[in-house]
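Below is one structure, written out as structure tokens; comments come after it.
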There are 6 protein chains.
Amino acid sequence: MHFLTRTFSFSSSHQLWNPELSDEENEKVFGLCTNVHGHNYRLEVTVQGTIDPANGFFCNVLELRDIVKTLIADPCEHRFLNDLPLFKGIITTMENLSQVIWQTIEGPLAERNMELHEVLLAETDENIVRLRKSL
Amino acid sequence: MHFLTRTFSFSSSHQLWNPELSDEENEKVFGLCTNVHGHNYRLEVTVQGTIDPANGFFCNVLELRDIVKTLIADPCEHRFLNDLPLFKGIITTMENLSQVIWQTIEGPLAERNMELHEVLLAETDENIVRLRKSL
Amino acid sequence: MHFLTRTFSFSSSHQLWNPELSDEENEKVFGLCTNVHGHNYRLEVTVQGTIDPANGFFCNVLELRDIVKTLIADPCEHRFLNDLPLFKGIITTMENLSQVIWQTIEGPLAERNMELHEVLLAETDENIVRLRKSL
Amino acid sequence: MHFLTRTFSFSSSHQLWNPELSDEENEKVFGLCTNVHGHNYRLEVTVQGTIDPANGFFCNVLELRDIVKTLIADPCEHRFLNDLPLFKGIITTMENLSQVIWQTIEGPLAERNMELHEVLLAETDENIVRLRKSL
Amino acid sequence: MHFLTRTFSFSSSHQLWNPELSDEENEKVFGLCTNVHGHNYRLEVTVQGTIDPANGFFCNVLELRDIVKTLIADPCEHRFLNDLPLFKGIITTMENLSQVIWQTIEGPLAERNMELHEVLLAETDENIVRLRKSL
Amino acid sequence: MHFLTRTFSFSSSHQLWNPELSDEENEKVFGLCTNVHGHNYRLEVTVQGTIDPANGFFCNVLELRDIVKTLIADPCEHRFLNDLPLFKGIITTMENLSQVIWQTIEGPLAERNMELHEVLLAETDENIVRLRKSL
């Protein structure tokens, strides 16, 4: 199996807050993360494919870049993630963010014959979430 | 499938030595590694889970951190690994260390509903061992 | 000359905004940075000294760590920098932040016989500011 | 399952060019990559195995290193990849390079009881290709 | 003193060759580097300045970026450096490249009130050249 | 001014211990560092020079590499630093190690017309010591 990974980054702010909980409960569950803080997020998108003998690529890396940049990296760059329509109604944990990212890019990638295999989202080098298709 | 990875590090010393072999045999099998030397070990622990809608986490990253810190990272920090009760009776290769780490944290993680998926242990950026559950 | 550098990091949000300018002017000068966004800031503090033969250190690295952690890294961690008393009344550019950091830690370091030599503050690996004492 | 990864690097030049296409078509498909340019390639080879109780290794990391160094890293170091016999007749995309690397080292590794699991080839930290055996 | 550093990168090929020497002499002086090979070059440009109270910057980082991108990073990206008009007549060692880069950007930066302090050019993380103004 | 930096690494063990102090005093001054532990040390050696027009180098990087490798990196690799003749009689802090490294390589580099400018020694990315010649 062949996989192609491309890395993106964006510098954004967010806060963890569940509007259905009281202030005290939010504080208890999310601690310091209830404050508006920020990260240089690293996003790695991996697609699966087969090599096209005409050009030696198994997907057009430029199309992959454009789709993720247009739908995710550019809208998130220098923004407060909680305010974005993209993440409306979710708590902006890495787990939820990566799930929305998956749902947002899976279709457009498929239209260009790229099968999404993994979305990796890292707030720091120490905290990493991966959403992966089971093989 | 969702995976959460958290990275730890500890600066420890070790030596490779099989007490059942002669000095010459140890030298032949392990070479320079028979000397007491050291590394800034990098440990990446990955657990598998499903998202809890109440908080957007699929595991409590703080509990993951506490378990691995208490059972592995703290006891190894600034120690000679060959002398630790944790690694008693094994040759302290990355392969054996990662296996003991797996056996040590798998249960406590499971008690907190975290299913261990991968233990990655790296002596340097060039030498990496991964122990992974087959899916 | 001997120098000791210790690295710190904190994940914070900020926005660039000059209250004396109109919205349009702020937009023109600061662009996307007028939005609340965030970074994993990297802070490197370098002090200058001479070796103490009694212990082979030229400063107590633990005291250096405690001073910078207590006065800067902890108060900034998971906060909106524009709201902190520490940065009251300044535009939170890297240049201004590093200047305030210098002024905040120089005295406490001097009391412990550590002469501050450089404050490096990086928003990302691509954007770095250094404030350095001329030798 | 146990995996061992070892990292290699080589500084090489290449260009993307399909001799069956016209100059205009090459330009259109490969753009700037038609020029002779270069990279510090990073190659990560991962093998799968079981631990040998006699030494705590599941493969001899030195044999792994020698095989990949002799067959791939040394012949590629400081060379124009398009001119190497190793890559004769292929377009030197990461996808094709990683496939040839797989075919070249799989047999020699197997002779030493190492089962090849993954070949990762990165031109930069942003562009990564993985060729992986399905489990 | 305040310094601002901005990092750039470009993936280029080059070869070390002195046309005034014989093939044997070139081989003897430059060894493997006589072959056309390549790197992901890292370029760090540092300017010196004083803070403008109106915006908290001591130089306009966007102008710094545009000057270095237009004059250096873009022309070098995906090119054979020995063929570029920019480096005509020089042996493309890091030392010579950094000197030409300094001479090329010093004037345009000065016109925008940025005083060039250091040019750092790295072929790899192991080989780094710095050209620095004496203070 | 031109500077050339070359990076080396070695995986070694050490412990901080002053034989003139009691066990309790050692414990108090050095804490956990009294235990035999280890690091992947990073050593960056920077020399100063002027460009030789015959080859575009201002020093022969291969001679720099050989001197530091032979005198420092190879003898330290996979060793207990406290036991090495090189560091006899010193407490193996980064400060003392870097001073001995400076004294050991300064002469041999000078014989080859390389003027030593800086020795940087890092136990981890967070703890860095620099010994620098005043200009």
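The values are calculated or read from the model by the stated rules, or taken from the named source; none is laboratory data. As the structure is a computational prediction, the values presented were derived from the model and not from experiment. Counting neighbours? That spans all protein chains shown, and the Cβs are built from the backbone with ideal geometry, glycine included. In case anyone asks, the SASA skips ligands and DNA or RNA and just uses the protein heavy atoms, side chains included. Shrake-Rupley method; radii C 1.70, N 1.55, O 1.52, S 1.80 Å.
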In bins 10 Å wide, starting from 0, what share of all Cα pairs of chain D does each bin hold, as a percent? 12, 41, 29, 13, 4, 1, 0
Specify which residue in the list E:MET114, E:ILE128, E:LEU81 is farthest towards the positive end of the charge dipole of chain E, using unit charges on the beta carbon of Lys, Arg (+1) and Asp, Glu (-1), about the Cα centre. E:MET114
So which helices of chain B fit the span-like rule, where a helix is a whole DSSP H run, its Cα atoms reach 20 Å or more along the axis, and its mean Kyte-Doolittle is at least -0.5? B:94-111
Ignoring ligands, DNA and RNA, the residues of the stretch D:37-62 whose accessible area with a 1.4 Å probe is reduced by 40 Å² or more relative to the chain alone are D:HIS37, D:GLY38, D:ASN40, D:ILE51, D:ASN55, D:GLY56, D:PHE57
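Would you mind working out the magnitude of the charge dipole of the stretch A:2-132 relative to its Cα centre, with +1 at each Lys and Arg C-beta and -1 at each Asp and Glu C-beta, to the nearest 20 Debye?
On the way: 10 positive and 20 negative charges, 77 e Å.
In debye, rounded to 20, the stretch A:2-132 gives about 360.
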So, counting K/R as plus one and D/E as minus one, what does the shell of residues with Cβ under 15 Å around E:PHE87 add up to? -3
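Helix-derived [θ] at 222 nm for chain B: sum -39500 (n - 2.57) over DSSP H runs of at least 4, divide by residue count, nearest 500? Show your work: numbers first, answer last.
Working: 3 runs with 34 residues, N = 135.
Result for chain B: -7500 deg cm²/dmol, rounded to the nearest 500.
Quick check: at a probe of 1.4 Å, how many percent of the accessible area of the protein assembly as shown sits on carbon and sulfur atoms?
On the way: 16850 of 35310 Å².
Here it works out to 48 percent.
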Sort shortest first the distances from F:PRO53 to its counterpart in every other copy, using label points 7 Å along the Cα-to-beta-carbon line, and give them in nm. 5.1, 5.1, 5.6, 7.2, 7.8
Using a label point 7 angstrom from Cα along Cα-to-C-beta, what distances in nm, from shortest up, separate F:LYS69 from the other copies? 1.1, 4.0, 4.0, 4.0, 4.2
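Give the interface area between chains B and F as buried accessible surface, both sides summed, probe 1.4 Å, in Å² to the nearest 100.
Numbers: alone 8100 and 8110 Å², together 14880 Å².
Its buried surface, counting both partners, is about 1300 Å².
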Hey, which residue of F has the C-beta nearest the axis mapping F onto D, and what's the distance in Å? F:SER9, 7
Using label points projected 7 Å from each Cα along Cα→Cβ, tell me how many nm separate A:LEU86 and B:THR70, to one decimal. 3.8
To the nearest 20 debye, what is the magnitude of the charge dipole of the protein assembly as shown about its Cα centre, counting +1 on the Cβ of each Lys and Arg and -1 on the Cβ of each Asp and Glu? 0
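Evaluate E = 1/(1 + (r/R0)^6) for A:GLU126 and E:LYS28, where r is the Cβ-Cβ distance and R0 equals 51 Å; express this FRET efficiency to the nearest 0.05.
Details: r = 49 Å, r/R0 = 0.95.
The pair A:GLU126/E:LYS28 has a calculated efficiency of 0.55.
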Proximal lysines relative to E:LYS28, as straight alpha-carbon distance under 28 Å, when same-chain residues fewer than 8 apart are discounted: D:LYS69, E:LYS88, F:LYS69
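Any idea of the accessible area per residue across chain C, 1.4 Å probe, to the nearest Å²?
Details: 5890 Å² over 135 residues.
Here the per-residue accessible area is 44 Å².
Rounded, prolate or oblate: pick one for the protein assembly as shown, where a ≥ b ≥ c are the square roots of the eigenvalues of its C-alpha gyration tensor, a/c under 1.5 means rounded, and failing that, prolate if a/b is larger than b/c, else oblate. Could you put the intermediate results ahead of the total?
Working: a/c = 1.01, a/b = 1.00, b/c = 1.01.
Because its axes are fairly even, with a/c under 1.5, the protein assembly as shown counts as rounded.
Quick check: from the Cα gyration tensor, does the stretch A:77-135 come out rounded (a/c under 1.5), prolate or oblate?
Values: a/c = 2.14, a/b = 1.33, b/c = 1.61.
Note, shape of the stretch A:77-135 comes out oblate.
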One decimal, nm, shortest first: give the distances between the label point of F:GLU20 and those of the same position in the other copies, each label point 7 Å from Cα along Cα→Cβ. 4.9, 5.7, 5.7, 6.8, 7.9
